[in-house]
Amino acid sequence: MHGGAQITVGGHASLTSYVSGFLLAAALTLLAFLIVASGSLTGAALAAVIGILAAAQIAVHLVLFLHMSRAPALRWHTFAMLFTLVVVAILISGSIWIIYHLQTNMMPMAPGA
């Protein structure tokens, strides 16, 4: 039997990769929770810090759990992820655009109606 760092799970990744990914993900989640719960940041600063922590969380999941890398054999994973991100961006921005225009083009309600 190999050392703990060499144990493979599912034939493609080491146990160390999954454990370190779990610990990093849990730490990032706990850090975000503590920042919000403490109330030390508000407004734009809070949104920026939460956004940075969310981006770090996404990176941890992509690299340590989904095993995305720059290897030529896995390049299609990168393209599939980019396509997914483009579709999600179109859906979110389109939804926000539709909601904004609905809100600005709605007739005001008459009092007592």
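Out of Leu30, Leu23, Leu46, which single residue is part of a helix (DSSP H, G or I), under 17 Å from the mean Cα position of the chain (by Cα) and surrounded by 14 or more Cβ atoms within 10 Å (Cβ to Cβ)? Show your work before the answer.
Values: Leu30 fails: surrounded by 14 or more Cβ atoms within 10 Å (Cβ to Cβ); Leu23 fails: surrounded by 14 or more Cβ atoms within 10 Å (Cβ to Cβ).
Criteria check complete, one pass: Leu46.
Just checking, how many residues over the stretch 52-83 are outside any helix (DSSP H, G or I) and under 24 Å from Leu23 (Cα atoms)? Outline the logic, then answer.
Filtering the stretch 52-83 for residues outside any helix (DSSP H, G or I) gives 66-71.
After this cut, where a residue has to be under 24 Å from Leu23 (Cα atoms) as well, the list is 66-70.
Summing the residues that are outside any helix (DSSP H, G or I) and under 24 Å from Leu23 (Cα atoms) in the stretch 52-83 gives 5.
Can Val49 be described as closer than 27 Å to Leu23 by Cβ, without any contact (Cβ under 8 Å) to a residue 40 or more places away in the chain and in contact with a Gly (Cβ under 7 Å, 6 or more places away or on another chain)? Spell out the reasoning first.
Details: closer than 27 Å to Leu23 by Cβ: yes; without any contact (Cβ under 8 Å) to a residue 40 or more places away in the chain: yes; in contact with a Gly (Cβ under 7 Å, 6 or more places away or on another chain): no.
No, not satisfied.
List every residue pair whose Cβ atoms sit under 8 Å apart, with the two residues 6 or more apart in sequence or on different chains, where the first one lies in the stretch 19-40 and is assigned by TED's automatic domain parsing to the domain that holds His61 and the second, anywhere, is part of a helix (DSSP H, G or I) and among the aromatic types (Phe, Trp, Tyr).
Gly21/Phe65
The values are calculated or read from the model by the stated rules, or taken from the named source; none is laboratory data. None of these values were measured; they are calculated from a predicted model. Cβ coordinates were reconstructed from backbone atoms using ideal geometry, including for glycine residues, and neighbour counts include every protein chain displayed.
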